[in-house]
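S.K.: The following block contains the structure, expressed as structure tokens.
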Amino acid sequence: MPKTIQSIRGMHDVLPDESYVWQDFERIVRGLVAMYGYREIRLPTVEPTELFSRSIGEVTDIVEKEMYTFEDRNGDRLTLRPEGTAGCVRSGVQHGFLHNQVQRLWYMGPMFRHERPQKGRYRQFHQFGVESFGVADPDIDAEQIIMTARLWKLLQLDRVRLELNSLGSSQARARYRAVLVDYLNDHRDQLDQDSLRRLESNPLRILDSKNTAMKPVIERAPSLTDHLDNESADHFEQLKLYLDAAGIQYEVNPRLVRGLDYYCKTVFEWVTDKLGAQGTVCAGGRYDGLVEQLGGRATPATGFAMGIERLLALRQAERIEIVRDDPDVYLLLQGESSARAGLTLAEQLRDQNPGLSILSNCGGGSLKSQMKRADKSGASLALILGENEIAEGKVTVKFLREQREQQTINQTELNEFIRNNQV
Ligand code: ATP
Ligand code: MG
């Protein structure tokens, strides 16, 4: 027998028994973005490698070691997108829809990072994200945070915590960087290999280290908050006032920096304690420098991205009930001519009951085996169409999840029966 083929490590199938959970999430997200007037943008999954090395930054985990990069048949260097922002900005610059206007966009889809697979960390995972362009004021930062807070409500998740910080302007960050490097140099003996390497290339990232042994040295490091420029400090104060007015609780975390290099001013993360080490479900902030960095005219921008797998895992951990995509009706067919009559009846029902989901028994089988399938399908109502029923223009109805007498009714009464019984 030929050997079977397995999916790639860290890349998962969403099986038919699980997809309703994804569909429910996607439906909620579509409702959310519509409420705030964000419009969808759909982007290629593969982009030129240079897009990510230029935007995300050469010395980040993503570009250093996580990208799926390859040469295509023409020898062009391509990368499976590890995130959505770079592609969104690339598209905006290419099509000229960023400058001198306000854009509110959203996207959803697969991202790829070659990380060590573990719970909440995959090689193909999915993000929902939004980006806004053209607004420098913190009202839009607030809008996006308020929007995520509403999403938690819609998803029935009430225990995600908001952490907030400001990274300041790039000049202020450069000044802070010098102070931080001095401090870290004085404590070299407490730094791990990764951090020693980053000390030269990207010292801010050291604050983001996941190594618990580094915690003490990080906690005593000089704080970014004390080195903010006036404009960023104002921006941050205003944002906090907006969030206070909206009744959104947050915790200022001066160690919060983003893995991606292009952020400035606002950074935020929504975190849960329920998923172990992979507790960040949403991360976002302001990236006023990126559009220019990718060849467009300077445009202020804000956005966030959330990991859908982590949110679905959280809904499961919180035992949120999600309505399955079971059919409403299962149609059982008995006898020679019933297949044809059944197809016709099912089509009539679909015509007259929009939204009703009907599973027709295909491929024959005894009444007993059809009844087993009906039960397994999750349908609430079985319709039985046999030779007698067909001859008399009738149909037998039987509730599958309730103790009720089965009865035979006229086919002409079926629509009413279905409506009256809220099938
Ligand atoms: P982490 O610190 O967990 O590696 P990150 O800083 O690399 O996260 P972002 O690039 O900000 O993550 O992506 C936004 C969100 O996407 C994360 O908060 C997380 O919910 C999700 N995410 C990131 N990488 C993965 C992954 N490999 N598998 C599943 N979800 C992921
Ligand atoms: Mg990461």
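The values are calculated or read from the model by the stated rules, or taken from the named source; none is laboratory data. Computed from a predicted structure; not experimentally measured. Reconstructed Cβ throughout: ideal geometry from the backbone, glycine too, with neighbour counts over all protein chains shown. Heavy atoms of the whole protein, side chains included, go into the accessibility calculation; ligands, DNA and RNA do not. Shrake-Rupley method; radii C 1.70, N 1.55, O 1.52, S 1.80 Å.
S.K.: Considering (1) farther than 22 Å from ALA283 by Cα; (2) touching a helix residue (DSSP H, G or I) at 6+ places or on another chain (Cβ under 8 Å); (3) more than 16 Å from ligand 1 (Cβ to nearest atom), say which one VAL46 fails and leave the rest.
M.R.: (2)
S.K.: Take the residues of the stretch 81-96 that are of a type outside the set (A, V, I, L, M) and open to solvent by 40 Å² or more (accessible area, probe 1.4 Å): which is farthest from ligand 1 (Cβ to nearest atom)?
M.R.: That would be GLY96.
S.K.: Follow-up question, since we're still on this one. Which residues, taken from the stretch 367-423, are assigned to a loop (DSSP other than H, G, I, E, B) and within 38 Å of the chain's Cα centre (by Cα)?
M.R.: Step one: of the stretch 367-423, the residues assigned to a loop (DSSP other than H, G, I, E, B) are 378-380, 386, 393, 400-406, 421-423.
Within the stretch 367-423, GLY378, ALA379, SER380, LEU400, ARG401, GLU402, ASN421, GLN422, VAL423 qualify.
S.K.: Shifting gears a bit: Quick check on the stretch 58-73: of everything there that is under 20 Å from VAL257 (Cβ atoms) and part of a loop (DSSP other than H, G, I, E, B), which residue is farthest from ligand 1 (Cβ to nearest atom)?
M.R.: Going through the qualifying residues, I end up with GLU58.
S.K.: In the stretch 313-340, how many residues are part of a helix (DSSP H, G or I) and either surrounded by 21 or more Cβ atoms within 10 Å (Cβ to Cβ) or of a type outside the set (A, V, I, L, M) (or both)? Outline the logic, then answer.
M.R.: Within the stretch 313-340, the first condition is being part of a helix (DSSP H, G or I), and the residues that meet it are 313-317, 338-340.
From what's left, either surrounded by 21 or more Cβ atoms within 10 Å (Cβ to Cβ) or of a type outside the set (A, V, I, L, M) (or both): 314-316, 338, 340.
Going through the stretch 313-340 one residue at a time, the tally reaches 5.
S.K.: Also: So ARG297 fits all but one of (1) within 16 Å of ligand 2 (Cβ to nearest atom); (2) open to solvent by 80 Å² or more (accessible area, probe 1.4 Å); what number is the exception?
M.R.: (1)
S.K.: Separate question: Suppose we filter the stretch 151-174 for residues that are among the basic types (Lys, Arg) and either assigned to a loop (DSSP other than H, G, I, E, B) or touching a helix residue (DSSP H, G or I) at 6+ places or on another chain (Cβ under 6 Å) (or both); how many remain?
M.R.: Total meeting the criteria: 1.
S.K.: If the Cβ limit is 6 Å and pairs must be 6+ apart or interchain, which residue in the stretch 273-292 that is free of Cβ contacts under 8 Å to residues at least 12 places away in the same chain and open to solvent by 10 Å² or more (accessible area, probe 1.4 Å) pairs with which residue that is more than 14 Å from ligand 2 (Cβ to nearest atom) and assigned to a helix (DSSP H, G or I)?
M.R.: Listed pairs, sorted by first residue: none to list.
S.K.: If you go through the stretch 8-57 one residue at a time, how many are assigned to a loop (DSSP other than H, G, I, E, B) and under 14 Å from LEU154 (Cβ atoms)?
M.R.: So the answer is 1.
S.K.: Quick check on my filter: what residues within the stretch 268-311 are under 20 Å from PRO82 (Cα atoms) and outside any strand (DSSP E or B)?
M.R.: GLN278, GLY279, TYR287, GLY289, LEU290, VAL291, GLN293, LEU294, ILE308, GLU309, ARG310, LEU311
S.K.: Now a separate question. Being open to solvent by less than 40 Å² (accessible area, probe 1.4 Å) and not in a loop (DSSP other than H, G, I, E, B) is the filter; apply it to the stretch 97-114 and report the residue that is farthest from ligand 1 (Cβ to nearest atom).
M.R.: GLN103
S.K.: What number of residues within the stretch 121-147 are within 16 Å of ligand 2 (Cβ to nearest atom) and either among the basic types (Lys, Arg) or in a strand (DSSP E or B) (or both)?
M.R.: Number satisfying all stated conditions: 7.
S.K.: Among LYS210, LYS215, which is the only one that is in contact (Cβ under 8 Å) with a residue 60 or more places away in the chain, within 20 Å of ALA277 (Cβ to Cβ), out of contact with any Phe, Trp or Tyr (no Cβ under 8 Å at 6 or more places or on another chain) and of a type in the set (Lys, Arg)?
M.R.: Exactly one of LYS210, LYS215 is in contact (Cβ under 8 Å) with a residue 60 or more places away in the chain, within 20 Å of ALA277 (Cβ to Cβ), out of contact with any Phe, Trp or Tyr (no Cβ under 8 Å at 6 or more places or on another chain) and of a type in the set (Lys, Arg), namely LYS210.
S.K.: Please enumerate the residues belonging to the stretch 251-267 that are open to solvent by less than 30 Å² (accessible area, probe 1.4 Å), more than 22 Å from SER53 (Cβ to Cβ) and assigned to a loop (DSSP other than H, G, I, E, B).
M.R.: Listed by number, the list holds a single entry, LEU256.
S.K.: Residue under question is TYR122, and the condition is that it be within 30 Å of ARG197 (Cα to Cα) and modelled with pLDDT of 95 or more; does it hold?
M.R.: Working: within 30 Å of ARG197 (Cα to Cα): yes; modelled with pLDDT of 95 or more: yes.
So TYR122 fits the description; yes.
S.K.: Looking only at the stretch 294-322, filter to residues that are in contact (Cβ under 8 Å) with a residue 60 or more places away in the chain and of a type in the set (Lys, Arg); which one of those is farthest from GLN118 (Cα to Cα)?
M.R.: Of everything passing the filter in the stretch 294-322, ARG297 is farthest from GLN118 (Cα to Cα).
S.K.: Kindly establish whether LEU239 is crowded, with 18+ Cβ neighbours inside 10 Å, more than 23 Å from the chain's Cα centre (by Cα), on the phi < 0 side of the Ramachandran plot and at pLDDT below 95.
M.R.: For LEU239, the condition - crowded, with 18+ Cβ neighbours inside 10 Å, more than 23 Å from the chain's Cα centre (by Cα), on the phi < 0 side of the Ramachandran plot and at pLDDT below 95 - is not met.
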